[in-house]
Amino acid sequence: MKLKQSESFKMDAFSMRVGDIEGVELDRLHALSLSVGWPHRAEDWQFLRNVGRGVVVLDEIGRVQGSAMWFEHGADFATVGMVITSPRLQTLGAAQWLMKRIFDKVGGRDLRLNATRAARRLYLSLDFLPEKTVYQCQGIARLETTGGPTDLRDVRALDPSDIPAAIALDAAGFGVRRAALIEKLFMHSAGYGLFKHDKLNAFALCRPFGRGHVVGPVVAESDADAVAVVRPHVADNSGSFLRIDTHMANGDFAAFLSHIGMTVFDTVLTMSMGKRLADFAVNGTVAPVTYALASQTLG
């Protein structure tokens, strides 16, 4: 694929080219994420390109030295992710330069991102405000068949006919309607939903990602409902690597993840610029809550 080059510039002693992420071979994007220890496969990069937009920075011989992506949801909101700079550029302000490129592209939308520890100072300097910690829980998940009784009568696998209900439930929990993203996630995921009186009250999606599978988004009205829709995914992937990114630090949902082997591996910090969204509702309210992110990149 031919790179859509937009401009050239010099950063310290390095000559760089800027282009659209769509025009870059997947193996070069994969090499970038590997260089900073991120688990994204080439297939994960392709999915992100299918649902978002981005820019890349290339050196004089065509190696990708930086990337940044944004994911628009309506006219007023976007999430930001995959802001990566190679080790050789990390001390030269490349990430700040990439973020300013995003600001030029998003048209004044409210923004949200999930910041690593190393990046928090940068985002604070750009006027992002901290919201809440995300716990990256992962491990070889095992569901004990001898555990306590679980009522699965109202939990069933989701199919395409359930997409409109999932979009509405996700919007209530997240705070912004993400119809296009949820539709594409359904195409790549297995899903389970909890139904009460034929109405979808909770759902969880699970798709291949990184070292195994990631569970998310998970939207529910209570810990018990969140556990009910995640449990079948654990059963389907028992003995395999699973990951879930959640804001829940305690309670029955967090305890369930720890019990099945998905312990906290790392944390990131959700930060926002502009409007804060609805998915930090107090646990235990009757409103839907986002129990797990679609991913740290997508929110």
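The values are calculated or read from the model by the stated rules, or taken from the named source; none is laboratory data. Bear in mind that the values here come from a model prediction, so they are computed numbers and not experimental data. Note that each Cβ is placed from the backbone with ideal geometry, even for glycine, and that neighbours are counted across all protein chains shown.
Identification of helices (runs of 4 or more DSSP H) wholly contained in the range 154-240 with 2 or more residues that are on the phi > 0 side of the Ramachandran plot and within 18 Å of the chain's Cα centre (by Cα) yields no element. Scan the range 34-44 residue by residue and report those that are closer than 15 Å to residue 84 by Cβ, touching a residue at least 60 places away in the same chain (Cβ under 8 Å) and outside any loop (DSSP other than H, G, I, E, B). Listed by number, the list holds a single entry, 44. All of (1) farther than 29 Å from residue 266 by Cα; (2) touching a Leu at 6+ places or on another chain (Cβ under 8 Å); (3) modelled with pLDDT of 95 or more hold for residue 214 with one exception: (1). When 175, 139 are checked against the criterion of being within 19 Å of residue 245 (Cβ to Cβ), surrounded by 17 or more Cβ atoms within 10 Å (Cβ to Cβ) and at pLDDT below 95, a single residue qualifies: 175.
Identify the residue in the range 109-121 that is assigned to a helix (DSSP H, G or I) and under 20 Å from the mean Cα position of the chain (by Cα) and, among all such residues, is surrounded by the most Cβ atoms within 10 Å (Cβ to Cβ). Here the answer is 119. Taking every residue in the range 215-239 that is in contact (Cβ under 8 Å) with a residue 12 or more places away in the chain and farther than 14 Å from residue 257 by Cβ and pairing it with any residue that is part of a helix (DSSP H, G or I) and aliphatic (A, V, I, L, M), at least 6 positions away or on another chain, the pairs with Cβ-Cβ distances below 7 Å are 219/169. When the range 240-252 is filtered for residues that are of a type outside the set (Ser, Thr, Tyr) and within 15 Å of residue 143 (Cβ to Cβ), the ones remaining, listed by number, are 241, 242, 244.
Taking the conditions exactly as written (at pLDDT 95 or above, among the charged types (D, E, K, R) and either under 16 Å from residue 216 (Cα atoms) or part of a strand (DSSP E or B) (or both)), does residue 131 satisfy them or not?
Working: at pLDDT 95 or above: no; among the charged types (D, E, K, R): yes; either under 16 Å from residue 216 (Cα atoms) or part of a strand (DSSP E or B) (or both): yes.
Judged against the criteria, residue 131 is not a match.
For the range 94-108, give me each residue that is buried (at least 21 other Cβ atoms within 10 Å of the Cβ) and either farther than 27 Å from residue 176 by Cα or among the small types (Gly, Ala, Ser) (or both). Correct list: 94 only. Taking the criterion of being under 26 Å from residue 273 (Cβ atoms) and among the hydroxyl-bearing types (Ser, Thr, Tyr), the residues of the range 22-80 that qualify are 33, 67, 79. Working only within the range 71-99, note down all residues that are closer than 18 Å to residue 117 by Cα, without any contact (Cβ under 8 Å) to a residue 60 or more places away in the chain and not aliphatic (A, V, I, L, M). The answer is 85, 86, 87, 90, 91, 96.
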